[in-house]
Amino acid sequence: MALRTVYRLCKLPFQYRHYSEPPKGMVYTKPLVRRKLKEDVIPLSQYGGRNIVTMLPGSGIGPELMSHVRDIIFCCGAPIDFEIIDIDSSTIGNKDLENAIVSIKRNGVGIKGNIETDSLDLSEISRNVAIRNQLDLYVNVLHCKSMTGIPARHNDIDIVLIRQNTYGEYAMLEHEVVPGLVESLKIMTRDDAERVTRYSFEYARNNGRKKVTTIHKANIMKLSDGLFLETAKKVHKDYPDIEHDNMIIDNACMQLVANPHQFDVLCLPNLYGTIVANVICGMIGGTGLLSGRNYGDNYAIFEPGTRNTGTAIAGKNIANPMAMINASIDMLNHLDHKEHARIIKEACYETIVDLGIRTSDLGGTNTSSDVITSILDILANKDRKR
C-alpha cells in the first residue's frame with residue numbers, strides 16, 4: 001500500500017532521476033516542515049528519510065563541479081538523492097526547462113550551475129531568469145563574508161545582500177517600436193517591493209543584524225525606484241528595532257569600495273543587486289567562494305553567488321569548486337541536515353585556510369581535484385574517528 005501511495009505521489013516519469021546511491025526502501029514518511037512564509041507551504045519531498053533534490057548541472061564547468069558536490073554529499077553520508085536534469089543551452093525549444101521546473105515543483109529544492117544563454121539569439125530566453133520567474137523565487141540572498149587568509153582588497157567584511165529576484169529590468173519585456181528604436185520595460189510592483197523589503201527586515205531581526213540599507217536610483221527613476229524606496233520606508237515602521245537608511249546605487253558602489261564596513265544588510269532591486277554582488281565578490285577574494293540562495297514561498301534553489309563562477313574552461317581542472325560546495329552547504333542547512341553541513345564547512349575551511357590548498361583565483365597553484373581530494377580525505381578521517 002505504501003509503495004502504491006508513493007507511485008501515485010510521484011507519477012511523473014523517473015527517467016531523469018539519478019541517485020547518489022539507491023534509496024533504501026521507498027517508504028513514504030511525513031515530509032519535513034520548511035521555513036513558513038505563507039499558510040499554504042508545499043512540503044518537501046522525502047522518502048525513507050531521504051530528501052530528493054533537483055540538480056541542474058548547467059553549462060561550462062557546471063557538470064564538473066556538480067560531480068564534486070555529489071562525491072562530497074555521499075562521503076559525508078547526508079541523506080540526499082539527486083534527480084539530475086541536463087538543460088542543454090544548444091538545443092532549440094524549452095522542453096528541458098519545462099522538465100526542470102516540474103522536477104523542482106515536485107521536490108521543492110534544487111541546486112544548479114549557470115545555464116548559458118546565447119546573448120545574440122533574440123528568440124532565446126534566459127533560462128536562469130525563467131526558472132526564477134516561473135517558480136516565483138522572489139528573493140536572492142548572498143552572504144558576503146571575508147575568509148581568513150584569503151588575499152582580498154578589504155578584510156573583515158560581513159555584508160548580507162538581499163536582492164529582488166524577479167521583475168525589474170529582468171522582466172524580459174523588450175520590443176522594437178520601429179527599426180532602430182527599442183524599448184525595454186522595467187517592472188516594479190508595490191507587492192513585490194514589499195515582499196523583498198519585508199524579507200530584508202525579517203532577516204535582519206532574526207539574524208542579529210542592526211541596519212538595512214535600501215539601494216535605489218529614485219532621483220532619476222522616480223516612479224519605479226521611487227516606489228521601491230517608498231515601500232521600504234513604509235515597511236520599516238513595522239521594525240523600529242532595526243536601523244534603516246538608503247543610498248543611491250552609484251554612491252553605494254563607491255562607498256562599498258571605500259568603506260564597506262559601514263554596511264550590514266543591503267536591500268536592492270534586481271539589476272543593482274547583480275552589479276553590487278560582483279563588486280563585493282571582487283573585494284573579498286573573487287567569485288569562486290560565495291554561494292547564492294534563491295527563495296520563494298514554496299521553493300528554494302541554491303547556486304554559486306554570481307554567474308562569473310562559470311568563466312573557467314570546462315575540463316581544465318582549474319575552476320574553484322568552493323562556490324558550488326558552499327551552495328550545497330546552504331542546501332543542507334535548508335533541509336535541516338545541519339550536522340552534515342557543519343562538517344563539510346569545516347573540511348572546506350581546513351583545506352583552504354589551514355592547509356592552503358587553493359586554486360589560482362585565490363593565489364594558489366592547486367587544481368580543482370586537489371581541493372576536492374583534500375576535502376574528501378578530511379571527511380573520511382572524521383568518519384573513521386567517529
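Readers should treat all values here as calculations from the given coordinates under stated rules, not as data from a laboratory. Source: prediction; values computed, not measured. So basically every Cβ, Gly included, is an ideal-geometry build from the backbone, and we count neighbours across all protein chains shown.
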Over 24 Å [Cα-Cα, the range 257-376], rounded percent
33
Amide H neighbours of Ile84 under 5 Å, counting only residues 5+ apart in sequence or on other chains, H built in-plane at 1.01 Å?
His18, Met55
Pairs of Cα atoms under 8 Å, at least six residues apart: use those to get the relative contact order of the range 156-208, whole percent.
31
For the range 163-202, whose charge dipole is built from +1 on Lys and Arg Cβ atoms and -1 on Asp and Glu Cβ atoms, the candidate among Tyr170, Ile187, Thr197 with its Cα farthest towards the positive end is Thr197
Quick check on packing: order 55-63, 205-213, 273-281 by the mean number of other C-beta atoms within 10 Å, highest mean leading.
55-63, 273-281, 205-213
Rounded to two decimal places and with Rh computed the Kirkwood way over Cα pairs, what is Rg over Rh for the range 173-309?
0.99
The set of residues whose placed amide H lies less than 5 Å from the amide H of Leu44, leaving out same-chain residues fewer than 5 positions away, is Leu32, Arg34
Please grab the % of Cα pairs in the range 227-291 that end up more than 18 Å from each other.
43
Residue by residue through the range 269-285, what is 3J(HN,Hα) from phi via Karplus (6.51 cos²θ - 1.76 cosθ + 1.60, θ = phi - 60°)? Round to whole Hz and write x for glycine and proline.
x, 4, 5, 4, x, 4, 5, 5, 4, 5, 4, 5, 4, x, 7, 10, x
